[in-house]
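Down below is the structure, laid out as structure tokens.
The values are calculated or read from the model by the stated rules, or taken from the named source; none is laboratory data. This is a predicted model, so every value here is computed, not measured. Reconstructed Cβ throughout: ideal geometry from the backbone, glycine too, with neighbour counts over all protein chains shown.
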Amino acid sequence: MDKLSVDHLLGIKYLNANDIDLIFKTADHFKEVINRPIKKVPSLRDITIANLFFENSTRTKLSFELAEKRLSADVINFSAGQSSVKKGETLIDTVNNILSMKVDIVVMRHGNVGAGVFLSKQVNAKIINAGDGTHEHPTQALLDSYSIREKLEKVKGKKILIVGDILHSRVALSNIFALQLQGATVKVCGPTTLIPKYISSLGVEVETNLKKALEWCDVANVLRVQHERMDIKYFPSTREYTQLFGINKQILDSLDKKIVIMHPGPINRGVEITSDVADSDQSIILNQVENGVAVRMAVIYLLAQQIKR
């Protein structure tokens, strides 16, 4: 059987094109499974997975949990907000306590960049990064690419625009890595204060005019403005941001082609995207949510195959 070239899913930058291909082929199979009347498979009946979320997350956590349950794994949920981490316990203590319960796979979201890499060197379990700080969010990028592939038949040669708060987004970085690995061209668009300085070193062009950027692309992936990560003002007002970088039906209808609209969620309706765009036939936002479960099932299943019993 084909297997991944990595022992953990810590970031897209550690994967190669074959890994992405294998994850997508496996996800195709699981997508068919989750559309059956009986949505479970007994594949991971003897595997225990711990979901460690040191930062709040609703959608990613639910998606992983559903993926794990569809594979018949035993699931332990750990939310650091209500835990001993608040009492000063370290990441290593927390994880060692959980591993002493004989956990095989750890799905972790953490506010610190590189937390997953650090953990993978300390513990004997498979680590899946569910988001580390403003760094990477690999499963989100995989489900985004998978959704593009499903809608446009391939990712190679497509022009993908990422719009919005690039600076604070782990989704943007993972998406850039994943899309380039598959042969797509990526541009970013947003206020210059929200575009990181290093972006051009990744082979990504910057376009500050939204209309021009939308005219160029096949797909626009719209990111949320992450107010919770901003310690200073990056733009004068939300109203001004919406006027310059918000996507509404009027601007979409003014283009000479139909582009695909994506959003990793949660959506600030009326800020970065209006409801009539989010709910339109050009939007694949709900497909992204459904595909998230299939892609996460694929990642978990493939990593579980490497566990030595």
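Restricting the stretch 211-257 to residues that are among the acidic types (Asp, Glu) and modelled with pLDDT of 90 or more, which is farthest from LYS187 (Cα to Cα)? Show your work before the answer.
Taking the stretch 211-257 first, the residues among the acidic types (Asp, Glu) are 215, 218, 228, 231, 240, 253, 256.
Next cut, modelled with pLDDT of 90 or more only: 215, 218, 253, 256.
Details: GLU215: 12, ASP218: 11, ASP253: 21, ASP256: 19 Å.
Checked the stretch 211-257; the qualifying residue farthest from LYS187 (Cα to Cα) is ASP253.
Of all residues in the stretch 200-224 being of a type in the set (A, V, I, L, M) and in a loop (DSSP other than H, G, I, E, B), which is surrounded by the fewest Cβ atoms within 10 Å (Cβ to Cβ)? Lay out the reasoning, then the answer.
Applying the first criterion (of a type in the set (A, V, I, L, M)) to the stretch 200-224 yields 202, 204, 206, 210, 213-214, 219-220, 222-223.
From what's left, in a loop (DSSP other than H, G, I, E, B): 204, 223.
Working: VAL204: 20, LEU223: 23.
Filtering first and then ranking leaves VAL204.
Specify the residue that is surrounded by the fewest Cβ atoms within 10 Å (Cβ to Cβ); the eligible residues are those in the stretch 34-45 that are free of Cβ contacts under 8 Å to residues at least 40 places away in the same chain and not polar (S, T, N, Q).
If we filter the stretch 34-45 for residues that are free of Cβ contacts under 8 Å to residues at least 40 places away in the same chain, which is where we start, we get 35-42, 45.
Now drop any that are not not polar (S, T, N, Q), which leaves 36-42, 45.
Numbers: ARG36: 9, PRO37: 4, ILE38: 6, LYS39: 13, LYS40: 12, VAL41: 17, PRO42: 8, ARG45: 10.
Going through the qualifying residues, I end up with PRO37.
Within the stretch 96-152, track down each residue that is closer than 22 Å to LEU44 by Cα and surrounded by fewer than 16 Cβ atoms within 10 Å (Cβ to Cβ).
Residues satisfying the conditions are SER100, MET101, LYS102, ASN124.
Quick one: how many residues across the stretch 48-80 are hydroxyl-bearing (Ser, Thr, Tyr), surrounded by fewer than 19 Cβ atoms within 10 Å (Cβ to Cβ) and under 20 Å from the mean Cα position of the chain (by Cα)?
Number of matching residues: 3.
Considering only residues of the stretch 258-289 that are of a type in the set (D, E, K, R) and without any contact (Cβ under 8 Å) to a residue 24 or more places away in the chain, which is surrounded by the fewest Cβ atoms within 10 Å (Cβ to Cβ)? Outline the logic, then answer.
To start, the set of residues in the stretch 258-289 that are of a type in the set (D, E, K, R) comprises 258, 269, 272, 276, 279, 281.
Keeping just the survivors that are without any contact (Cβ under 8 Å) to a residue 24 or more places away in the chain gives 269, 279, 281.
Details: ARG269: 13, ASP279: 12, ASP281: 7.
Here the residue is ASP281.
Among helices (runs of 4 or more DSSP H) lying entirely in the stretch 106-183, which contain 2 or more residues that are within 13 Å of PRO264 (Cα to Cα)?
Values: elements: 115-122, 138-152, 170-181.
Correct list: 138-152, 170-181.
Among the residues of the stretch 139-169, how many are more than 16 Å from the chain's Cα centre (by Cα), closer than 15 Å to LEU181 by Cα and of a type in the set (A, V, I, L, M, F, W, C)?
Selection size over the stretch 139-169: 1.
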